[in-house]
Amino acid sequence: MCSSISQLQWIHNRLSIGAEKKEPMDVRIDMPWGYVVGRWYGNRQVRPILALHGWLDNLGTWDKLLPLLPKHLGVLCIDLPGHGYSSKLPEGIAYHFVDYLCVILRVMEEYGWQKVSLMAHSMSAMLCFVFASLYPHRTDMLVSIDIVKTRYRKPASQIDYLRTNIEGYMVEDERFANAKRQEPPAYTYTELEQVLHKGSEYSVELENCRHILERNISRSTKFPAKFFFSRDGRCKYYTEFHTSPPFAAELARTIKNVPYCVIKGSESNFIDEQSDEVIAILRENNPHFELHEVQGTHHVHLNNAQGVAAVINPFILHHRPPHLENWTVDAADEALPEVVKEFKLAVEDSENVKRRKRKSNL
């Protein structure tokens, strides 16, 4: 592991030597109901990290963090169904947590990945906790920001939640149908910034709202100076994957050998005492589990990207280090940080080199 930010920056500089700078590439992945869109940043020669956003956000949530990540891996960010520029589900169809699990598998199928590296925030961190528990053999790295487990409620509260959620969905589904004939209410951009800032419970700093709004709004045809929310309002009432504490604990027990890094925002309560049992199980059963706290709110990766990168980068370099052909060193071995020394020894092993050459799939 790197012992300081300066060493980490040194590695970044070495990885960048001779590397071709690539502009982000917009992608579209066909789905049975339409398509999911995304943006692939950086290296496209090796399997990227798949980045998934939080509830009602979109891939813009990663804008400030991406430039700070190691250069040897690309990052494929996607808009989940109903969010950003991805297709909305047909009229009369409700969103469900399991739909999003299937999206991960469909993206893997699209690119022929046998394994996936995941980076997720909030709702998607819950999603990836379940995915890693179902497919630990297909998950080779998971970075979760400010959530570590699925949500659970007491039975009486769960009954109220289901009733309220169903009724809210019915209202939004009617609005969705009417939106084909009538444009939604429009607002000035400044008003939308305030709506997002307040709606996030002030988690998204006002100056960072633009990163989320860019893919969440459309210009009004009636009032050219105004905009309306273009995301699918039915996503507000998607069906969550609820568990009980024993079920969540059992899910955690299956994640035994997956590099798993959780980052908690210091001002957020999304990781609280209800997460203690799951965290204890992950610590006991998974030697590659890490938990860190970084100064910030629930959107700590957007508001304090530097602090989050300082945690994520050593984790990525340790568990998905660069291939030999992706980095250049012209200094003596003594000048190398330990993480590069260890990797250099590993890739010089002839069996590793032969095995890597035999692998044609990402």
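The values are calculated or read from the model by the stated rules, or taken from the named source; none is laboratory data. If you're wondering where the values come from, they're calculated on a predicted model, not measured in any experiment. Using ideal geometry, Cβ is built from the backbone for each residue, glycine included, and neighbour counts are taken over all protein chains shown. Just the protein is used for accessible areas: all its heavy atoms, side chains included, with ligands, DNA and RNA removed. Shrake-Rupley method; radii C 1.70, N 1.55, O 1.52, S 1.80 Å.
Some observations on this one:
- Counting every C-alpha pair in the stretch 157-237, the share spaced more than 15 angstrom apart comes to 64%.
- Rel. contact order, % - alpha carbon contacts under 8 angstrom, at least six apart, the stretch 163-293: 23 percent
- Each peptide among 138-149, 27-38, 56-67 gets the average number of other Cβ atoms lying within 10 Å of its residues, and from highest to lowest they stand as 138-149, 56-67, 27-38.
- Loop-located chymotrypsin sites (Phe, Trp or Tyr not before Pro) in the stretch 182-222, at most 15 other Cβ atoms within 10 Å (DSSP): Y202
- Using a probe of 1.4 Å on the protein chains alone, the accessible area found for E191 is around 90 Å².
- Within the stretch 20-113, percent of DSSP bridges classed antiparallel, to nearest 5: 75 percent
- The listed residues R39, R320, R106, once ranked by accessible area (1.4 Å probe) with the largest placed first, stand as R106, R39, R320.
- Accessible surface of C128 - all protein chains present, 1.4 Å probe, nearest 10 Å²: 0 Å²
- The length gained on full extension between K226 and Q295, counted as 0.36 nm times the residue separation minus their Cα-Cα distance, comes to 21.3 nm.
- In this label model, Y202 and A179 are separated by 2.9 nm, measuring between points 7 Å along each Cα→Cβ vector.
- Pairwise Cα separations in the stretch 248-324 fall into 5 Å bins from 0 onward with the following percentages, short to long: 3, 15, 21, 20, 21, 15, 4, 1, 0.
- Zone residues, the stretch 231-254, relative to Q274, backbone N less than 20 Å from point 7 Å out along Cα-to-Cβ: 236-253
- Surface accessible to a 1.4 Å probe, T190 within the full protein complex, Å²: 90 Å²
- FRET efficiency estimate (nearest 0.05) - Cβ-Cβ, H137 to S266, R0 45 angstrom: 0.85
- Sorting K222, K115 on solvent-accessible area from highest to lowest, probe radius 1.4 Å, gives K222, K115.
- Cα-derived Rg to Rh of the stretch 108-159, Kirkwood definition: 1.10
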